[in-house]
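The structure appears below as structure tokens.
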Amino acid sequence: MSLITELIREGEHQQQDFKYQITDSRKIARTLSAFANTDGGRLLIGVKDNGRITGCRPDEEYHMVEGASDLYCEPPIPFDHKVHEFQGKLVLEIWVDPSKDRPHFVREEGEVRRAYYRREDENYPANRILVKMWRIPKEEKERNGVSLNEVEKDLLGFLRANPEVTISKFARMAGLPISRAEDIMALMIRWGIISWRIEDGRYFYFLNENFEESLDLSLNDF
């Protein structure tokens, strides 16, 4: 079995996406943004959604991806590429590493800038909390023994008793401006204490299963 067929057998997932061909560089820019802002990923061009290899013209598709990065991604997203051959058909592989310069935004129509993230086999627009989380300075990304403040303890206490919370509810409970509540949630996500899910465009926040490992405090402290 060739490498390309092994990759295709995995199907589309968090770090892999199939494209029959590129007709819209802005759409590809969203995939580049999602890969770069999340865990990195591979784009296989010349492959249909069902995994059937149709082939492509690698040079033309490469220039479309390059244009997507240079024209629509801010900052531009570097990528590697490789051409695979299978039964006389060519498949272009584009690989994007997780970026140290995230968030990467996409210039949408109407001067809108939007960042994306990847979850399973879909790209989603990131909300302000995720963008803030990506922007947290390097020195703040690890807790390094920093104790939780009372608001953070109250949030964890609430989530121990309830499955999830929205950012608006957290802000109301804590009596905080929404921007300050977003800052706290972003930091808790960066520390690995809280995760999120999205449903019908709404974000819900919940405790990670192993959140205790991210804490230096006893559970009795909150």
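A few remarks follow.
- Using the rule -39500 (n - 2.57) for each DSSP H run of four or more residues, divided by the residues of the chain, the 222 nm mean residue ellipticity is -9500 deg cm²/dmol.
- Cα shape, the stretch 10-129, gyration tensor, a/c 1.5 rule: prolate
- Residues considered: GLU85, GLU150, GLU199. Largest GNM mean-square fluctuation over the chain, using C-alpha springs under 10 Å, is found at GLU199.
- Only Lys, Arg (+1) and Asp, Glu (-1) charged, at Cβ; the chain dipole about Cα centre in debye: 420
- For the stretch 52-68, backbone phi angles converted through the Karplus equation (6.51, -1.76, 1.60; θ = phi - 60°) give residue-by-residue couplings of 6, 7, 10, x, 8, 9, x, 4, 5, 5, 4, 5, 5, 5, 4, x, 4 Hz, Gly and Pro being listed as x.
- Once the Cα atoms are used to define both axes, helix 25-37 deviates from the longest principal axis of the chain by about 50 degrees.
- Each distinct pair of alpha carbons in the chain adds a 1/r term; the inverse of their mean, the Kirkwood radius, is 19.2 Å.
- Restraint check, LYS100/LYS132; LYS19/LYS89; LYS82/LYS132; LYS27/LYS169; LYS19/LYS82; LYS100/LYS153, Cα-Cα greater than 22 Å: LYS82/LYS132; LYS27/LYS169; LYS100/LYS153
- Summing charges over all other residues whose Cβ lies under 13 Å from the Cβ of ARG180, with Lys and Arg as +1 and Asp and Glu as -1, gives 0.
- For the chain, a Gaussian network of Cα nodes joined below 10 Å ranks ARG30, ARG107, ARG52 by mean-square fluctuation, and the top entry is ARG52.
- The calculated P(r) of the stretch 31-76, using every Cα pair and 10 Å bins from 0, goes 24, 47, 28, 1 in percent.
- Carbon + sulfur, % of accessible area of the chain - ligands and nucleic acids excluded, 1.4 Å: 44
- Fully extending the segment from GLU108 to ILE178, taken as 0.36 nm per residue of separation minus the present Cα-Cα distance, adds 22.6 nm.
- Zero-based 10 Å bins, Cα pair distances in the stretch 61-112, whole percents: 21, 45, 24, 9, 1
- Evaluated at q = 0.18 Å⁻¹, a Debye calculation over the C-alpha positions of the stretch 88-135 (equal weights, vacuum) places log10 I(q)/I(0) at -0.69.
- For a label point 7 Å along the Cα-to-beta-carbon line of GLU209, residues of the stretch 90-127 with backbone N under 15 Å: none
- When the Gaussian network model of the chain links Cα atoms closer than 10 Å, the mean-square fluctuations of PRO137, PRO78, PRO103 top out at PRO137.
- FRET efficiency for the ILE198 to VAL151 pair, using the beta carbon distance and R₀ = 22 Å, is estimated at 0.35.
- Surface analysis of the stretch 1-108 yields an accessible area of 50 Å² per residue, using protein heavy atoms and a 1.4 Å probe.
The values are calculated or read from the model by the stated rules, or taken from the named source; none is laboratory data. These numbers come from a predicted model, not from an experiment. Neighbour counts are summed over all protein chains in view; Cβ atoms, including those assigned to glycine, are modelled from backbone coordinates with ideal geometry. These area figures cover heavy atoms from the full protein model, side chains too; ligands, DNA and RNA do not enter into them. Shrake-Rupley method; radii C 1.70, N 1.55, O 1.52, S 1.80 Å.
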